[in-house]
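Contents: one structure, followed by commentary.
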Amino acid sequence: MAIRELKVCLLGDTGVGKSSIVCRFVQDHFDHNISPTIGASFMTKTVPCGNELHKFLIWDTAGQERFHSLAPMYYRGSAAAVIVYDITKQDSFVTLKKWVKELKEHGPDNIVMAIAGNKCDLADIREVTFKEAKEYADSIGAIAVETSAKNSINIEEVFQGISRKIPPLD
Ligand code: GDP
């Protein structure tokens, strides 16, 4: 089976759970005291997709403004971007829209975008509805999923959704 390496970057505000999502996906582990990402970290995971194996090369960026100028390094050459917001923080959804704009203007052509509304285990203090996120995602041709890295909800689905949108080589 052919192995395809696919670069994937995670973007979004600090604290929305980017590192936790990667940690859950790659190691099936959740750490309450996960240390803040400094710059970026890098992990890989390989999953089957049809007749291919997709080896995700996952770049987990720091969301801090001071690292913003480094962002193009992460999304350049990316097959997909997972843009994460926190369903309990409206501000993080505003930031997500800024990332989408930046990707549309400066990102690779045909980059697959997945919008992950993380911390869906905290639905009782939700500030962003799934309807709002889904409508926005549909308007930009992105996948929309609500996730919980903590309770392991829909984490695999984010990456499966990306895999399905990557055209097979032949
Ligand atoms: P990052 O800065 O976007 O990489 O966010 P982190 O992965 O460092 O997570 C920030 C904080 O949110 C940490 O305290 C995590 O334990 C917490 N967190 C991450 N994912 C979830 C989740 O799905 N549910 C809840 N309740 N907390 C989460």
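The values are calculated or read from the model by the stated rules, or taken from the named source; none is laboratory data. What you are looking at is a predicted structure, and each value in this text was computed from that prediction instead of being measured. Every residue, glycine as well, gets a Cβ built from its backbone with ideal geometry; the counts of neighbours run over all protein chains shown. Note: accessible area is taken over every heavy atom of the protein model, side chains too, but ligands, DNA and RNA are not part of it. Shrake-Rupley method; radii C 1.70, N 1.55, O 1.52, S 1.80 Å.
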Verdict on S139 being assigned to a helix (DSSP H, G or I), small (G, A, S) and open to solvent by 80 Å² or more (accessible area, probe 1.4 Å): yes
Qualifying position, being in contact with a Ser or Thr (Cβ under 7 Å, 6 or more places away or on another chain) and surrounded by fewer than 17 Cβ atoms within 10 Å (Cβ to Cβ), among D91, D121, D170: D121
Residue check, E132 in a helix (DSSP H, G or I) and either open to solvent by less than 70 Å² (accessible area, probe 1.4 Å) or over 25 Å from I34 (Cβ atoms) (or both): yes
Output for segment 142-156, where each listed residue is among the hydroxyl-bearing types (S, T, Y) and either more than 10 Å from the ligand (Cβ to nearest atom) or surrounded by 21 or more Cβ atoms within 10 Å (Cβ to Cβ) (or both): T147, S148
Residue within segment 84-93 that is at pLDDT below 95, within 16 Å of the ligand (Cβ to nearest atom), under 15 Å from the mean Cα position of the chain (by Cα) and not in a helix (DSSP H, G or I) present: no
Of all residues in segment 63-83 being at pLDDT 90 or above and among the small types (G, A, S), the one that is most open to solvent (accessible area, probe 1.4 Å): G77
